[in-house]
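Below you'll find the structure, written out as structure tokens, and then a few comments.
What follows is calculated from the coordinates using simple rules that are stated; it is not laboratory data. Just so it is clear, the structure is predicted and the values come from calculations on it, not from any experiment.
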Ligand SMILES: CC(C)(COP(=O)(O)OP(=O)(O)OC[C@H]1O[C@@H](n2cnc3c(N)ncnc32)[C@H](O)[C@@H]1OP(=O)(O)O)[C@@H](O)C(=O)NCCC(=O)NCCS
């Protein structure tokens, strides 16, 4: 039995989020100013995983998807992504974009497809990840909700 609690982040969570992102070599740029866009999962007092959905009107950027290595392979990463996509759909978001250098084989199971970086909605391109935090070699993926 696991003891996972999903919750929206607040400022008090930032130190733990930043550590989890660093541990996974994911960019911190622009993340703290979007702290309220993070969905977290705690196992007791331990931050086991996170995912963030930066909203840009009818489009959104899914970023900072990470689970603590101690909790990998138990469905946690998928549970986080499914929950955050459900939230996006509930809010009327139509298009979710992500950039990844490490997990392009993980996201197709949710319906994400590879697209050209230029083809992403203009609104999402203002994000820190598009503005340089993610290398140009990153793969761009899109999901239509
Ligand atoms: C990607 C990540 C969030 C998956 O977390 P997790 O808790 O292990 O995921 P789950 O247990 O729900 O899913 C495991 C499944 O995902 C697959 N998977 C995990 N990481 C993967 C990756 N980087 N690429 C492709 N598939 C991956 C596993 O092979 C497994 O597949 P299966 O269901 O066919 O057996 C985690 O590996 C991670 O934090 N990676 C480092 C950060 C990262 O690359 N994030 C994505 C940035 S956009």
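Some points to look at:
- Between 0 and 90°, nearest 10: helix 14-23 axis offset from the chain longest Cα axis: 70 degrees
- Quarter the surface of the alpha carbon convex hull of segment 1-56 and you get the mean projected area, 4.0 square nanometres.
- Debye equation applied to the C-alpha atoms of segment 32-107, log10 I(q)/I(0) at 0.12, 0.13, 0.22, 0.27 Å⁻¹: -0.32, -0.38, -1.04, -1.39
- Under Stokes-Einstein, with the Kirkwood radius over Cα pairs as Rh, the value for the chain at 10 °C and 1.306 mPa s is 105 µm²/s.
- Solvent-free Debye scattering, log10 I(q)/I(0), computed from the Cα coordinates of segment 72-125 at q = 0.19 Å⁻¹: -0.78
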